[in-house]
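One structure below.
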């Protein structure tokens with residue numbers, strides 16, 4: 001498949017400058033960049049969407065074509081789908097069969113995961129996306145609650161009369177990781193028939209379960225957890 005690689009990252013976020021924070025000797029965004037290049041080499045075209053000149057400059061040093069993101073797509077309320085569509089509107093996309101989305105604040109990524117996702121998608125034309133997931137039974141949807149208008153905890157699934165309190169008896173809960181997303185394109189464009197909130201994944205999304213419990217960085221505590229976990233799986 002001819003693949004478009006798009007790295008996304010913005011200047012202001014939950015942890016200022018997190019995309020360029022040093023992790024184990026390199027800026028955070030170095031890891032998705034190097035893994036994608038190692039996995040795909042010359043078999044892909046590389047782009048970076050950002051409102052931050054430092055992010056664009058760093059990615060350019062590694063062969064990523066800069067796409068200047070407008071301010072309205074760099075706010076806390078901006079949606080990723082709008083960022084993707086903006087980037088793709090600036091690129092001649094009809095010949096691309098898939099898009100590999102990289103997040104600049106997601107350093108937990110391995111070239112073999114990317115290679116595997118490409119191989120899986122190429123094996124079945126019905127697959128609309130291959131998404132890394134993390135299985136987390138502690139935070140299973142059946143175990144979660146919301147606060148009602150009276151301030152009391154209630155189940156999101158009130159009609160489920162029998163839900164085991166033993167997490168190991170519940171069906172595996174796959175949470176989409178944000179290490180990367182591989183999405184099939186149709187005529188060079190994203191689809192919109194998938195499940196919310198990531199409906200642009202399409203309706204046949206294949207999970208690829210990862211041996212990790214953290215994927216992207218939002219707080220300083222995430223940095224501590226990341227460096228500890230890195231030594232375990234790497």
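No value in this document is a laboratory result; all are computed from the given coordinates. These numbers come from a predicted model, not from an experiment. Quick reminder, even Gly has a Cβ in these numbers, built from the backbone with ideal geometry, and neighbours come from all protein chains shown.
Distance between the C-alpha centers of the range 180-206 and the range 92-114? Whole Å please.
13
Where Rh is the Kirkwood radius over the Cα pairs of the range 18-114, the temperature 10 °C and the viscosity 1.306 mPa s, what D in µm²/s does Stokes-Einstein return?
Details: Rh = 14.1 Å.
Calculated translational D: 113 µm²/s.
Summing -39500 (n - 2.57) over the DSSP H runs of n ≥ 4 in the chain and dividing by its residue number, what mean residue ellipticity at 222 nm do you reach, to the nearest 500 deg cm²/dmol?
-7500 deg cm²/dmol
Restricting attention to the alpha-carbon atoms of the chain, what are Rg (one decimal) and Dmax (integer), both in Å?
So, for the chain, Rg and Dmax equal 18.6, 58 Å respectively.
Order the peptides 137-147, 25-35, 65-75, 102-112 from the highest to the lowest mean number of other Cβ atoms within 10 Å of their residues. Present the calculation step by step, with values, prior to reporting the outcome.
Numbers: 137-147: 12.3, 25-35: 20.4, 65-75: 15.1, 102-112: 22.5.
By packing density, highest mean first, the sequence is 102-112, 25-35, 65-75, 137-147.
Suppose each label sits 7 Å from its Cα in the direction of the beta carbon; what would the residue 124-residue 192 distance come out to in nanometres?
2.7
Which angle between 0 and 90 degrees, to the nearest 10, do you get for helix 220-233 versus the longest principal axis of the chain when only C-alpha atoms count?
Result, in degrees: 80.
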